[in-house]
Amino acid sequence: MYWFLRSKWIAGFVATLVALQIGCGGDNPADDGTEPPVNSIGATPGGGGTADPTPVHPQSSQEYSPPGGSPGQLPTRPKQNLHPVVTIKTTQGDIKLRLDAEKAPITVDNFLSNYVDRGYYDQTVFHYVEDGFMIAGGGFTADLQPKEARAEILNEAHNGLKNKRYTIAMARNPEYVNSATSQFWINLADNSFLDYTSDEDASTYGYCVFGEVIAGQEVVDRIAKTPVHDTEAFPKTPTTPVVVQTVVRDE
C-alpha cells in the first residue's frame, strides 16, 4: 500500500502513523466561516487553539525587533541560533538533542514555537517502540488519548539530512508530503528507505530529519528495549508507558 511496507512490523507502524496523523487534527477552518489566523510559520493552526499573532522570523522562534531609527530603516532582527539544544526528560532518563535550523528552519521553528515552548509534549508518551527501527512519540497522553496538534507544515526532507541512527525526524501521513504536525521519531538504525529520493510523489519524498541526539543515547537504547505489546489501535506500544515529562530548551 505504501512505498516502505517491507514487512509486517513496518506495516503495523504505518497503520498507526496514519491513525495518529488523522487523530491529531489538521488544517481546519474556523467555526464561524472566517479564515483562521496564521501561525509563526505561515500556516493555519489546526484545532490547537488560536495562533500567537506576534510576528516570528520564519527561520527562528524569536520575535522580530520593533522598527526604529530613521524613517524607512529596516527593523533589526535578533541573531538566530541555528543549532538550538533541547532536552527530552523522560521516565527512562534525559535525551539531549541538537536541532538543525540551518537545514530545517521550518521544522525546527514548528517543533520549538508550536510545541516545546507551549508545553505540548509534557506528559505525552513514546507510543511506538521497535528495537532496531525507531521510537516514536509526540501525539498521545499516557493513556493513549490523542492531543490536538497545530497546523501541518511544509516537508523539508529534501534538506540533505538522513534518517541515520540517533537522528530525530518528523512523522507524517505517508500519503501526503506536507502533513507533519507534532509527532516525531528517533531512529534506532540507519533507515535510509525513509530518506528523500525525489519530488515524484509522497512515496519518494521521504521524512524530514531536523536534529540528532548528542547525549542520552543510552536512554534511547533503554527505551528501545522496553517490553511492548499490540493493542487493537496501537502495535508495539510499551506495556509500561514511557512518559515524556517535559521538553525544554537548553540554549
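With r defined as the distance between the Cβ atoms of Lys164 and Ala215 and R0 fixed at 22 Å, what FRET efficiency is calculated, to the nearest 0.05?
It comes to 0.85.
How would the range 107-251 be classified by its alpha-carbon gyration tensor: rounded, prolate or oblate, with rounded meaning a/c under 1.5 and the a/b versus b/c comparison settling the rest?
It comes out rounded by the Cα gyration axes.
Which FRET efficiency, nearest 0.05, do Asp199 and Asp117 yield, Cβ-Cβ r, R0 30 Å?
0.40
A short reminder: the numbers here are calculations on the coordinates, not readings from a lab. Model, not experiment: these values are computed from the prediction. Cβ atoms come from the backbone with ideal geometry, glycine included; neighbour counts cover every protein chain shown.
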